[in-house]
Amino acid sequence: TCPACRARQGWSGECRRCKADLHWLWSAALARDAARQACLECLSAGRFAQAVLAAEHAYDLDPSPDSARRLAVCRLLARDWPGARQAAVRHAS
């Protein structure tokens, strides 16, 4: 969805309707996906402190409930109890 005119479309560098530049959205989505992947790789390797950093970066790029839950889990595994609670309640409904 274009943030300028709300036109629904597939990924492209420019909105089909209003011609807004959407490259920055694509860049942010790629960076978010890379941070998520790095987080998962760190978790599987047992590097919990680095997983927290990657999860924080992913949350900064996409502050969604899913990102907040991932950050909370990473902080739990890193034994950061107050940080885990803070991340968990960010998007609690």
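The values are calculated or read from the model by the stated rules, or taken from the named source; none is laboratory data. Owing to the predicted nature of the structure, the values given are computational and were not obtained by experimental measurement. Ideal geometry is used to build each Cβ from the backbone, glycine not excepted, and the neighbour counts take in all protein chains shown. Calculation scope for accessible area: heavy atoms of the full protein, side chains included, ligands and nucleic acids excluded. Shrake-Rupley method; radii C 1.70, N 1.55, O 1.52, S 1.80 Å.
Out of Arg32, Arg6, Arg75, one residue alone is open to solvent by 70 Å² or more (accessible area, probe 1.4 Å) and either modelled with pLDDT of 90 or more or in contact with a Leu (Cβ under 8 Å, 6 or more places away or on another chain) (or both). It is Arg6. Looking only at the range 11-27, residues that are hydrophobic (A, V, I, L, M, F, W, C) and either in a loop (DSSP other than H, G, I, E, B) or at pLDDT 90 or above (or both) come to 5 in all. Restricting attention to the range 50-84, the residues that are of a type in the set (D, E, K, R), in contact with a Lys or Arg (Cβ under 9 Å, 6 or more places away or on another chain) and not in a helix (DSSP H, G or I) total 1.
Can you confirm whether the range 22-29 contains a residue that is surrounded by 14 or more Cβ atoms within 10 Å (Cβ to Cβ) and within 19 Å of the chain's Cα centre (by Cα)? Scanning the range 22-29 turns up at least one residue that is surrounded by 14 or more Cβ atoms within 10 Å (Cβ to Cβ) and within 19 Å of the chain's Cα centre (by Cα).
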